[in-house]
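Chemist: Dropping the structure in here first, questions after.
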Amino acid sequence: MEANIGTARITLILGDITEQETEAIVNAANSSLMGGGGVDGAIHRRGGAEILKECKVIRQTSYPAGLPTGKAVVTSGGKLRAKKVIHTVGPIWSGGNNGEPELLAEAYRNSLALALNIGVKTISFPSISTGAYGYPVGKASRVAMKSIVEFLKKKSGIEEVRFVLHSSYDLQIYEKALTGILD
Ligand code: ADP
């Protein structure tokens with residue numbers, strides 16, 4: 001599915017984020033920035049050791065206590081097709097009344113703002129927080145689509161925001177969320 005927001009395009013596809021040729025891909029990292037399971041593990045495996053090396057420098061120089069939830073930082077893409085990896089930390093779901101929606105929206109907004117700052121025009125996102133972090137995918141998809149559509153309406157410079165969903169079930173849920181926002 002595709003939708004145009006001003007001069008930008010949002011696309012939703014089924015696939016593997018590590019294979020995308022967009023200028024940047026986003027990693028659903030944890031605050032340690034030291035790698036993990038899910039998307040994080042796949043990105044470090046495919047991207048090689050260079051990404052972890054840069055993450056260690058970021059920890060030492062900017063975030064000794066770890067990257068706070070909702071914030072975003074950038075490394076190179078190592079051996080990936082994408083030149084840059086934007087690492088952001090989504091919230092861990094704990095019932096929905098602990099600021100999770102706002103923190104998830106922040107993770108998307110800060111990733112897009114960082115992309116604009118470094119001149120990235122095409123970017124791929126995974127479904128942040130809906131794996132190990134347990135955020136219900138229906139709720140997460142609505143937060144994701146809303147924060148991205150609002151960002152694209154306010155700021156120009158991004159050409160494509162691609163969502164790479166890992167199952168056809170997730171793809172359907174995200175399509176429903178995007179359709180709901182465009183109506
Ligand atoms: P979080 O800790 O933020 O929940 P996860 O990596 O556990 O992050 O899961 C986030 C989503 O990413 C899940 O829907 C998972 O199925 C999906 N996912 C896992 N590997 C990939 C991949 N290679 N490409 C795209 N999505 C992936």
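Since every read-out is calculated from the coordinates, none of them should be taken as a lab result. On a predicted model such as this, the values are computed, not experimentally measured, just so you know. Ideal geometry is used to build each Cβ from the backbone, glycine not excepted, and the neighbour counts take in all protein chains shown.
Chemist: With +1 on the Cβ of every Lys and Arg and -1 on the Cβ of every Asp and Glu, and nothing else charged, how large is the dipole of the stretch 45-121 about its Cα centre, in debye rounded to the nearest 20?
Modeler: Here the stretch 45-121 has a charge dipole of around 540 debye.
Chemist: In addition: Calculate the length of the line joining the C-alpha centroid of the stretch 42-99 to that of the stretch 101-165, in whole Å.
Modeler: Cα centroid to Cα centroid, the span is 15 Å.
Chemist: Relative to the first principal axis of the alpha-carbon coordinates of the chain, what is the inclination of helix 137-154, with its axis defined by its Cα atoms, in degrees from 0 to 90 and to the nearest 10?
Modeler: 90 degrees
Chemist: What is the stretch 78-121 by shape, rounded, prolate or oblate, if you read a ≥ b ≥ c off the alpha carbon gyration tensor as root eigenvalues and call it rounded for a/c under 1.5, prolate for a/b larger than b/c, and oblate otherwise?
Modeler: oblate
Chemist: Rounding to the nearest 20 debye, state how big the charge dipole of the chain is about its Cα centre with +1 on each Lys and Arg Cβ and -1 on each Asp and Glu Cβ.
Modeler: Result for the chain is approximately 380 debye, rounded to the nearest 20.
Chemist: List the residues, sorted by chain then number, that are 5 or more residues from Gly48 or on another chain and whose placed amide H is less than 5 Å from its amide H.
Modeler: It is Lys79, by chain and number.
Chemist: What ³J(HN,Hα) values, in whole Hz, does the Karplus curve 6.51 cos²θ - 1.76 cosθ + 1.60 give for the stretch 106-118 when θ = phi - 60°, with x put for Gly and Pro?
Modeler: Couplings: 4, 4, 5, 4, 5, 5, 5, 5, 5, 4, 4, 4, 9 Hz.
Chemist: I would also like to ask the following. As a test of the formula, what do you get for the chain when each DSSP H run with n ≥ 4 contributes -39,500 (n - 2.57) and the sum is divided by the residue count, at 222 nm and rounded to the nearest 500 deg cm²/dmol?
Modeler: -13000 deg cm²/dmol
Chemist: What relative contact order, as a whole-number percentage, does the stretch 2-182 give when Cα pairs under 8 Å and 6 or more residues apart are counted?
Modeler: 30 percent
Chemist: For Ser124, which sequence-distant residues (separation of 5 or more, or a different chain) have an amide H within less than 5 Å of its own amide H, given hydrogens modelled in the peptide plane?
Modeler: Close amide H contacts, sequence-distant or interchain: Ala24, Ile25, Val26, Arg162.
Chemist: I want to make sure I understand the PRE zone here: with the label point 7 angstrom from the Cα of Ala132 toward its beta carbon, which residues in the stretch 32-63 have backbone N atoms less than 18 Å away?
Modeler: 32-49, 51-53, 55-56, 59
Chemist: Another question, then. At R0 = 25 Å, how high is the FRET efficiency between Lys83 and Lys56 if r is their beta carbon distance? Nearest 0.05 is fine. Don't jump to the answer; show the numbers that get you there.
Modeler: Values: r = 20 Å, r/R0 = 0.80.
Result of the calculation: an efficiency of 0.80.
Chemist: Relative to the first principal axis of the alpha-carbon coordinates of the chain, what is the inclination of helix 38-47, with its axis defined by its Cα atoms, in degrees from 0 to 90 and to the nearest 10?
Modeler: Once rounded, one gets 60 degrees.
Chemist: Moving on. Compute the FRET efficiency between Ala65 and Gln172 as 1/(1 + (r/R0)^6), taking r as their Cβ-Cβ distance and R0 = 30 Å, and round to the nearest 0.05.
Modeler: Approximately 0.20, to the nearest 0.05.
Chemist: Out of every Cα pair in the stretch 2-182, what percent are spaced more than 22 Å from each other?
Modeler: Summing the P(r) tail past 22 Å for the stretch 2-182 gives 38 percent.
Chemist: Helix 168-182 versus the longest principal axis of the chain: what angle, 0 to 90°, nearest 10, using Cα atoms?
Modeler: Relative to the chain, helix 168-182 is tipped by roughly 60 degrees.
Chemist: Between rounded, prolate and oblate, where does the stretch 58-105 land on the alpha carbon gyration tensor, with a ≥ b ≥ c its root eigenvalues, rounded for a/c under 1.5, else prolate if a/b exceeds b/c?
Modeler: oblate
Chemist: Please name which of Ala29, Thr61, Ile17 has its Cα lying farthest along the dipole of the stretch 1-61 towards the positive end, using unit charges on Cβ (Lys, Arg +1; Asp, Glu -1) and the Cα centre as origin.
Modeler: Among Ala29, Thr61, Ile17, the one farthest towards the positive end of the dipole of the stretch 1-61 is Thr61.
Chemist: While we're looking at this one, here's another question. Rounded to the nearest 5, what % of the DSSP beta bridges within the stretch 2-182 are antiparallel ones? Don't skip to the answer; put the middle values down first.
Modeler: Numbers: 9 of 27 bridges.
DSSP beta bridges in the stretch 2-182 are roughly 35 percent antiparallel.
Chemist: Let me ask another. In the structure displayed, which of Lys84/Lys121; Lys153/Lys176; Lys139/Lys176 lie more than 22 Å apart, Cα to Cα? Mind dumping the intermediate values first?
Modeler: Working: Lys84/Lys121 11 Å; Lys153/Lys176 20 Å; Lys139/Lys176 11 Å.
Going by Cα-Cα distance, every pair falls inside the 22 Å limit.
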